[in-house]
Amino acid sequence: MNRSEDVKLPFMIRMSYTRDLFKARTNEENTKTQYGLTGLIPKSQDLAILTKLIKEVSVAEWGDKALEWLKDETIKSPILDGDGKQGKDKKTGDRKEGYADHWFIRMTSGENFKPTVVDKKRNPIVKEEDCPSGWYAYVVVNAYTWENTKNGKGVSFGISLVQVAKEGGRLGGTGGADPDKFFDVIDDEGDAPEETKSGKGAGGLFS
């Protein structure tokens with residue numbers, strides 16, 4: 001495996017699946033437990049810094065022939081098309097919210113290397129609700145190569161640092177519903193009525 005140096009992307013990504021920054025999850029094959037984040041990038045954005053990293057680690061791993069392999073997709077790229085099949089929900093087949101007209105990258109880190117997440121003033125963010133999907137952030141990433149019998153050759157992105165920079169409309173993938181979407185603020189109306197204080201529990205609804 002070849003790994004690049006850590007690089008701060010010069011542009012913000014829109015965060016998706018931020019829940020994985022705070023709790024490592026096991027992949028579908030049950031082979032790896034990792035932290036992660038998906039980053040959405042408008043298709044108008046210049047991705048030269050990412051393609052440079054991909055080319056460098058690919059050539060270091062497989063030689064100059066890797067450049068041709070990247071073109072014909074023998075080497076799987078970590079830059080995915082939000083307008084393609086990868087941008088659809090596997091269960092419903094619907095386009096994921098926010099993915100249209102965007103590229104996206106999945107970034108991961110091993111279960112023993114939890115990414116550091118900070119706010120604009122570099123204060124630590126430790127709660128998922130303070131870093132919701134749909135907000136924008138600067139990230140520090142690296143590229144690394146991999147090869148196996150099942151999937152062939154490929155490059156993936158690792159992530160080490162996240163700085164939340166700007167709020168945005170919330171997306172799915174936060175690990176919970178947005179209470180602002182469903183609930184109004186409720187004024188305090190005093191103590192509960194006596195008839196609700198029987199202590200019978202939920203079973204009392206059926207008596």
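For this structure, a couple of remarks:
- The range 7-175: relative contact order as a whole-number percent, Cα under 8 Å and 6+ apart: 32 percent
- Pairs from Lys8/Lys71; Lys55/Lys91; Lys52/Lys121; Lys55/Lys90; Lys32/Lys90 whose Cα-Cα separation, in the structure shown, is over 27 Å: Lys55/Lys91; Lys52/Lys121; Lys55/Lys90
- Percent of alpha-carbon pairs separated by more than 21 Å within the range 7-175: 48 percent
- When you filter the chymotrypsin sites (Phe, Trp or Tyr not before Pro) in the range 15-108 for DSSP loop state and at most 10 other Cβ atoms inside 10 Å of their Cβ, nothing is left.
- At most 14 other Cβ within 10 Å, DSSP loop - GluC sites (Glu not before Pro), the range 101-170: Glu111, Glu167
- Summed residue charge, Cβ within 14 Å of Asp64's Cβ, Lys/Arg positive, Asp/Glu negative: 0
- Whichever lysines have a C-alpha closer than 16 Å to that of Lys127, once near sequence neighbours (fewer than 8 apart) are set aside: Lys23, Lys114
A short reminder: the numbers here are calculations on the coordinates, not readings from a lab. Everything numeric here is computed off the predicted structure, so don't read it as measured data. With ideal geometry, Cβ positions are generated from the backbone for all residues, glycine too; neighbour counts draw on all protein chains shown.
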